[in-house]
Amino acid sequence: MFVILFGSLALGCGLSTTPLGSCPRYHMKTKILFLIILPLSFYFYGCSTSVSLGIQTFNVANEKGDSLTFYLGSKEDGLSNKLLVMIQGSGNESIKRRFGWGIEAASLGYDILYLEKYAFNDSLLFIQSDCRERRLGDIQFALNYIEKNAYKNSLEEIFLFADSEGGALVPELAYNNSIVKRAIILATGGYEQSKQFEILFEKEKNENYKGFLTANGITSKEDLQNQYDVIKNNPSSEQIWLGHSYKYWNSYLWYNPEEIIEKIDTPILHIIGERDRSVPVESIEYLMKRYNHKKNLEFHIIPDLDHSFTDSNGNKQFNKVLKEIVLPWYKSTN
């Protein structure tokens, strides 16, 4: 995505902090200029577009006393009544690295909410606390807080934009929040995680490449099943596999979203690269067949693209995906 940020927001420099009375949040705001050179903007305006956003930082204690951080971007003329929510994958890097992602949505009238994960800056605490239920709860808390305290309950639409692990949370978030009017899920599978790993291992073996499973000592299906059994019997927050705790894996390995997907009518766009080696494309093919009766779901498998939407020549193709897939889908949901 070709986004040029003038200023040093991503480094946390040049920000002023203003306490907001007795409210349990702290607000800091800066002005930055995003120069957008994106097909989405070209299509609407016929030229590149500059958007100036103010970024408010919220540091809020949840009901357990844990500190959560999120950033709300909006135009100078005030908040909109539409909000794009960016939900990242499984890493613990700061969401600030993604400032600028989704900026084209500001040209469509959306504010943008970037969510930090709990304890993202404390690797040990992050590993010990991270799990599916934790992420869902933290995201829901942030949505409720922002809607009540920033928008004063005037928000009319939430648009979820999620990738990888984040995409696995979208169906439940959409089901639990009627204000979610549409969602995009990137590079996220449709099977439960345990089955996805089984397919990926077979690919590693059959295509003779060293993927993350074989690199971590999985040499047979029996090895994989044995690891599953260990995790299920001892979902510890102290034991680690593939960079996450057993507690984390226990929350994802056997979670099946099919029942919720069947219930929701929210327009959802699924996009995956055919060469994705982190998520088996077969799981999306399964969803396409399983839910071909549901008109709210749209699926795209892009030839020659990997998990990050990079082609076999090393060229990032997400802008092309925006122009040829995302924009037509967005227009069709209005």
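No lab work stands behind these numbers, since they all come straight from the coordinates. Note that this is a predicted model, so its numbers are computed, not measured. Here the Cβ is made from the backbone with ideal geometry for all residues, glycine too, and neighbour counts use every protein chain on show.
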(request) Give, rounded to the nearest 20 debye, the magnitude of the charge dipole that the chain has about its Cα centre when Lys and Arg contribute +1 at Cβ and Asp and Glu contribute -1 at Cβ. (result) 800
(request) In nm, give the distance between the simple-model label positions of K232 and N144, each being 7 Å from the Cα along the Cα-to-Cβ direction. (result) 3.3
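Under the 0.36 nm per residue contour assumption, what length would be gained going from the current alpha-carbon distance of D66 and D265 to full extension?
Working: separation 199, 0.36 × 199 = 71.64 nm, distance 3.34 nm.
Answer, rounded to one decimal: 68.3 nm.
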(request) Check the straight Cα-Cα distances from K117 and name the aspartates and glutamates below 20 Å, setting aside those fewer than 8 residues away within the same chain. (result) E63, D66, E93, D130, E133, D138, E147, D163, E165, E172, E238
(request) For the chain, state the average projected area of the convex hull of the C-alpha atoms over all orientations, rounded to one decimal in nm². (result) 17.7
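Could you give the length gained by full extension between K210 and E258, i.e. 0.36 nm per residue of separation minus their alpha carbon distance, to one decimal place?
On the way: separation 48, 0.36 × 48 = 17.28 nm, distance 3.09 nm.
Contour length minus the Cα-Cα distance gives 14.2 nm.
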(request) Neighbouring Cβ atoms within 10 Å as the yardstick, rank K75, K295 fewest first. (result) K295, K75
(message) Which residues does the label zone of K294 cover in region 181-210, counting backbone N under 17 Å from a point 7 Å along Cα→Cβ?
(response) 181-193
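Rounded, prolate or oblate: which fits region 138-282 when a ≥ b ≥ c are the square roots of the eigenvalues of the alpha-carbon gyration tensor, with rounded for a/c under 1.5 and prolate only if a/b beats b/c?
Working: a/c = 2.66, a/b = 1.80, b/c = 1.48.
Prolate, because a/c is 1.5 or more and a/b exceeds b/c.
May I ask you to derive the relative contact order of the chain, considering only C-alpha pairs under 8 Å and at least 6 residues apart, and to give it as an integer percent?
Working: 579 pairs, mean separation 45.3, N = 334.
Reported as a whole number, the value is 14 percent.
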